[in-house]
1. Grab the other residues whose beta carbon is less than 14 angstrom from that of B:Phe198, score K and R as +1, D and E as -1, and report the net.
2. Looking at A:Leu197, A:Val172, B:Leu240, which one has the Cα that reaches farthest to the positive end of the dipole of the protein assembly as shown (charges on Cβ: Lys, Arg +1; Asp, Glu -1)?
3. For a quick check: with amide H placed at 1.01 Å from N, whose amide H comes under 5 Å from A:Ser185's, ignoring anything fewer than 5 positions away on the same chain?
4. Going by how many other beta carbons lie within 10 Å of each one, how would you line up A:Glu214, B:Glu19, fewest first?
5. Where is the GNM fluctuation largest for chain A (alpha-carbon springs, 10 angstrom cutoff): A:Gln249, A:Gln156, A:Gln266?
6. If r is the Cβ-Cβ distance from A:Ile148 to B:Ala81 and R0 is 45 Å, what FRET efficiency results, to the nearest 0.05?
7. Based on Cβ point charges of +1 for Lys and Arg and -1 for Asp and Glu, what charge dipole magnitude is obtained for chain A about its Cα centre, in debye rounded to the nearest 20?
8. Strictly greater than 36 Å: what percent of every Cα pair in chain A meets that?
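Every number in this text was worked out from the coordinates using simple rules, so none of it is lab data. It should be emphasised that the depicted structure is a prediction, and the values quoted were computed from it without experimental measurement. Glycine gets a Cβ as well: all are built from the backbone with ideal geometry, and neighbour counts include every protein chain shown.
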Amino acid sequence: MTTADATTTPASATPASAAPAPPRLRPLAVGGRILIYVMLCLATVSALTPVVWLLAASTKGPQDLFSHTFFAVEWGKVGGITLPVGIRATLKNFQELFTTVPFFRYILNSVFFASTSVVVQLFLSSLAGYGLAKYDFWGKKAVMILMISTLMIPGQVTMAPAYELLYRFGFVDTYHGLIIPGAVSVFGIFLFRQAFLQVPNELIHAARIDGCSEFRIYWDVVMPVSRPMVGAFCLISFMGAWNSFLWPQILLHTNTRYTLPIGLNQMVGLYQQQYGMLMAGTLISVLPVIVLFLLLQREFVAGLTAGAVKG
Amino acid sequence: MTTTTLKEQAGHPTLTRGERWTLLQQKIAPYLFISPFLILFAVFGLYPILKSIQLSTYVTNGPKDAVFIGLGNFRYLLHDADFHTAVRNTVTYAFWTVCLQLPLALGLALLLSQPWIRGREWFRLAFFSPNLLGQVFVGVLFSVLFIPQYGLLNRFLHWATAGGIALDTKWLADPALIMPALVLTSLWMYVGFNMIYFLAALQAVDKELYEAATVDGANSWQQFLAVTVPGIRPVATFVLVTSTIGSFQLFELPYTLLNNTAGPNNAGLTVVMYLYNNGFVSGDLGYASAVGWTLALGVLLISVIQMRITGTFKGANE
């Protein structure tokens, strides 16, 4: 019964999409639609539950952590009926977090590392992407081929020699060691090249006639009209830096230089049983990306799928 | 073509100094624009790639001490039981995540692409949201969700199966359950992410093709095979290849879930974890390079096979 519903629903729904005025729905189609909504809601619940649990766990005291599945709801009698009257929440986990480990320092480190990476990557990748999108020059094809071929080699291959190189430069346990090697992303260059190809040449010619220098054209004309891609790339590169673990783990040795992933991972080993504190740390670590995503959501989805669908 | 005309113009005597400067600027601008990339790329991209080939033939102790051993690293690798375990685990993980993830992602995308769905943006946002959390943070979060007795997962499963699954199921301590735990976690993280690609591809399929198919009397299954599948094939291949590559690079998730270990019986040891342990914990950068190249070649081989099967090369030539 259920499976029959599931398989017949697209049949009745797809033709309806083509016609401007959908024909009157048969009862089976209505049932199918409800079933699809139920499935979508179940998927939504499973996607969101761990994050909601995280929020609940980091605001619960140790006495409530496992006695309440989610939030520690307090029940009270209101006019003879038992109703939820409040939530027992505490900031103790956060207080503990900032006093036991240099967590504030980790946050600052991560903010510094991620935002510097974004600015540098955005500038250098878009600049190179512009060069490859709007100019014909000798050696362009060779550069493109070189870029594509290295995209296929996973980062793990170069980790050992890159470490050796940074060691010789004296970059181990420093932030320039983290930022400079990743300052341009081949992926980002392709993304920007793709976006800049859409910018009409007339716009660039007009700017040239007005006497704009080539750099001004890139900076004042092309970048502003490509704002969606800039937004998408900022988010992608921020997430990349904020969440990156392996390379900082290899490079950073001093506790006060740790970024959030490194610091939090080390905390798990040291304070294994202090779940409340660990969850508070995890919550703080994931919030910035979530907030940034909500701000840049539209651009992000467009940028993410641009290459795959069009290319 | 443009460059030659520019060159001719640049040498033209009637041009003013300002105009000549403008044209010269146009010629050197692209080189200036890509030079920061090229320099960084040469130092931190190309050099390490070439160097790692050389390094893979050395046994090293930290960055300073190296002895040439030819193909000794690869020979050792092929006979190392831990490496075999790492490969087996990684392949198992990749197989299950890809086999479960892609149908689920496509299924969700098909549901969401129904034209009458309300709140599509909200569903998409919700499905995608787990992907915002980095693997390390997910690892820490799920290591608590997986704990026996009190963990959310065990409580839910115990309730949902009416006691069929014991409350004290030790997901992260039982070697047989580590792989299911990893696959489950990665499904949570990546199904929504891949769904975005499928959804975009489904929405890009020409609606007139469906109309035409309906006129020809095709039922929904026939429409799916004849219109949807060819329409989304390039994106499906992209998702298949990228998620396979991603699976083969698994490291952070098991590393944090299992509290910086490979788990009991090395049940959570992956190829990259093996590389990390040998190269950066034990300090043999040469061996790490050999492992890296073995991984790279393996992944390349599998990607080529996948693209062959899905006919991507054929499509590109048409």
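1. On the way: positive: B:Arg120, B:Arg124, B:Arg233; negative: none.
Summing Lys and Arg as +1 and Asp and Glu as -1 gives +3.
2. Of A:Leu197, A:Val172, B:Leu240, it is A:Leu197.
3. A:Ser125
4. The fewest-first ordering by Cβ neighbours comes to B:Glu19, A:Glu214.
5. A:Gln156
6. Numbers: r = 37 Å, r/R0 = 0.83.
After rounding to 0.05, the efficiency reads 0.75.
7. Values: 19 positive and 12 negative charges, 85 e Å.
Approximately 400 debye in magnitude.
8. Working: 20895 of 48205 pairs.
Result: 43 percent of Cα pairs exceed 36 Å.
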